[in-house]
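Asks: First the structure, which I've put down as C-alpha cells, then a few questions once you've had a look.
The values are calculated or read from the model by the stated rules, or taken from the named source; none is laboratory data. Just so you know, these numbers come straight off a predicted model, no measurement behind them. So basically every Cβ, Gly included, is an ideal-geometry build from the backbone, and we count neighbours across all protein chains shown. Ligands, DNA and RNA are stripped out before the accessible areas are found, and what is left, the full protein with its side chains, is counted by its heavy atoms. Shrake-Rupley method; radii C 1.70, N 1.55, O 1.52, S 1.80 Å.
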Amino acid sequence: MKKIASVVIVLAVLAVILITGWRLTPSWEVELSKADPLAYCPSVDTPWLMQPVKLSDRLESNQVVVQRSELRTKCDQRAWLNALTAKVTASAETETERLELWAGYLQNAFFHSMTAPVDNRGQAVYSPLWALVNRGVHCGQTARVFVDGMISMGMRARLIQLNGHVAAEGYADGKWHYIDTDVLENAEHVRTQDGTIASVREIEADPTLLSDLISPYVSFIPPFNKPESDWRYESVFVPMMDPSAKLQTPFAYKKTATNKQEKGVYFGWNYYVACTLDDPECYN
C-alpha cells in the first residue's frame, strides 16, 4: 500500500508540473539571479539594441503569434528596464530631458506592424523585453513600454486611452507631457506655443496644436501610408464613450501589479484600473 501511495504522489506531482509548467529551479540559478538580476537578460550594451529600426522592418506585415512559453523568461525585466533607461538617458540633466530621450529612443526602436503581436491565447504581448527584441508592435504595446520605463526611472506616467488609439503621458518638471511612441517618430511631439510638450488637457483645449505634426504614418505600412488615406491624427482626440471602462476618452489606465505579478507573461498589465485624468491618484 505504501508503494502504491508513493506512486500516486509522484504521478500527482508530475501532473502539476505538466499542467502549470512549474519546475524546480536549481539552487545555482537562484543564487545567480539574486547576485545578478541581469544574468539572463540581453546586455544593454548590445549594439543592435541602440540602433533605430530599419525601413525594411517597417514594411513587415506578417501576423505574429507568440507562444506563451517564449514570454516566460528568467530575465528580471524590471532590472533590465532600469539598466536600459539609465543608458538611454545618461546625458539628461533634467526630468524633461530624461522623458524626451526615453520617448525618442522608443519612437525609433519600434515600428507599427500590420497586426498587433499576440500570444497563442489571443492576448496582446506586453513584455518589454520581447517588444524591444522584436520591434514590431502596436500603439498599446509601445505606450506600455514607455510607461514601464518611466516607472523604472522613478517618474510618474500613465497609459492614455484615446479614440481608437493608445498613447501615454509622462510627468516631468511639474507638468504632464503627451507622448506618442507609435505614430510619431524622430523625437516629434505635440508642442505648445512656448515649445514644451503639451499635455492631453492642453491639446483638448487647443486642437490646433496637432496641425503642425509631420504627416503621421507616412513611413508606416499600408494602409496608413497611402496618400489618399483620410485618416487624421486629430480624430483620436474626438471624445467617445468606452463601453468597457464606462468612461469617455481621453482617460487613463493605471497599472496596479505587484513586483511578483510583473514576473508573469504580461509583465503585470493584466492588473490595472481605468481612471479619469483629473484623478490625483491616476498615475504610476
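Asks: Give me the residue from the range 29-49 that is among the small types (Gly, Ala, Ser) and at pLDDT 90 or above and, out of that set, nearest to Thr73 (Cα to Cα).
Replies: In this case the residue turns out to be Ala39.
Asks: Testing Ala116 on (1) in a helix (DSSP H, G or I); (2) closer than 25 Å to Gly170 by Cα; (3) modelled with pLDDT under 90, one condition comes back false. Which one is that?
Replies: With (1) in a helix (DSSP H, G or I); (2) closer than 25 Å to Gly170 by Cα; (3) modelled with pLDDT under 90 applied to Ala116, the lone miss is (1).
Asks: Can you name every residue in the range 150-162 that is in a loop (DSSP other than H, G, I, E, B), open to solvent by 20 Å² or more (accessible area, probe 1.4 Å) and among the aliphatic types (A, V, I, L, M)?
Replies: Across the range 150-162, the qualifying residue is only Met153.
Asks: Test each condition in (1) over 27 Å from Lys74 (Cα atoms); (2) in contact with a Ser or Thr (Cβ under 7 Å, 6 or more places away or on another chain) for Leu99 and report the one that comes out false.
Replies: Answer for Leu99: the failing condition is (2).
Asks: Scan the range 246-277 for residues that are surrounded by fewer than 18 Cβ atoms within 10 Å (Cβ to Cβ) and either modelled with pLDDT under 95 or not hydrophobic (A, V, I, L, M, F, W, C) (or both) and report the count.
Replies: Number of matching residues: 13.
Asks: Oh, and also: Just checking, does the range 117-129 include any residue being of a type in the set (A, V, I, L, M), out of contact with any Gly (no Cβ under 8 Å at 6 or more places or on another chain) and surrounded by 23 or more Cβ atoms within 10 Å (Cβ to Cβ)?
Replies: Looking through the range 117-129, at least one residue is of a type in the set (A, V, I, L, M), out of contact with any Gly (no Cβ under 8 Å at 6 or more places or on another chain) and surrounded by 23 or more Cβ atoms within 10 Å (Cβ to Cβ).
Asks: Follow-up question, since we're still on this one. Is it fair to say Val147 is over 13 Å from Tyr266 (Cβ atoms), buried (at least 23 other Cβ atoms within 10 Å of the Cβ) and touching a residue at least 12 places away in the same chain (Cβ under 8 Å)?
Replies: When the stated conditions are applied, Val147 passes them.
Asks: Regarding the range 165-179, can at least one residue be identified that is without any contact (Cβ under 8 Å) to a residue 60 or more places away in the chain, of a type in the set (Val, Ile, Thr) and either within 22 Å of Lys74 (Cα to Cα) or touching a Cys at 6+ places or on another chain (Cβ under 7 Å) (or both)?
Replies: Scanning the range 165-179 turns up at least one residue that is without any contact (Cβ under 8 Å) to a residue 60 or more places away in the chain, of a type in the set (Val, Ile, Thr) and either within 22 Å of Lys74 (Cα to Cα) or touching a Cys at 6+ places or on another chain (Cβ under 7 Å) (or both).
Asks: Determine whether Gly140 is within 14 Å of Trp269 (Cα to Cα) and in a helix (DSSP H, G or I).
Replies: In short, yes.
Asks: Could you grab me the full set of residues in the range 76-116 that are open to solvent by less than 30 Å² (accessible area, probe 1.4 Å), of a type in the set (A, V, I, L, M) and under 17 Å from Gln51 (Cβ atoms)?
Replies: Result: Leu84, Val88, Leu106, Ala109.
Asks: Now for a different question. Of all residues being aliphatic (A, V, I, L, M) and modelled with pLDDT of 90 or more in the range 188-226, which is surrounded by the fewest Cβ atoms within 10 Å (Cβ to Cβ)? Just the residue, please.
Replies: The qualifying residue surrounded by the fewest Cβ atoms within 10 Å (Cβ to Cβ) is Ala205.
Asks: Can you pull out every residue in the range 163-182 that is surrounded by 20 or more Cβ atoms within 10 Å (Cβ to Cβ) and not in a strand (DSSP E or B)?
Replies: His165, Asp180, Thr181, Asp182
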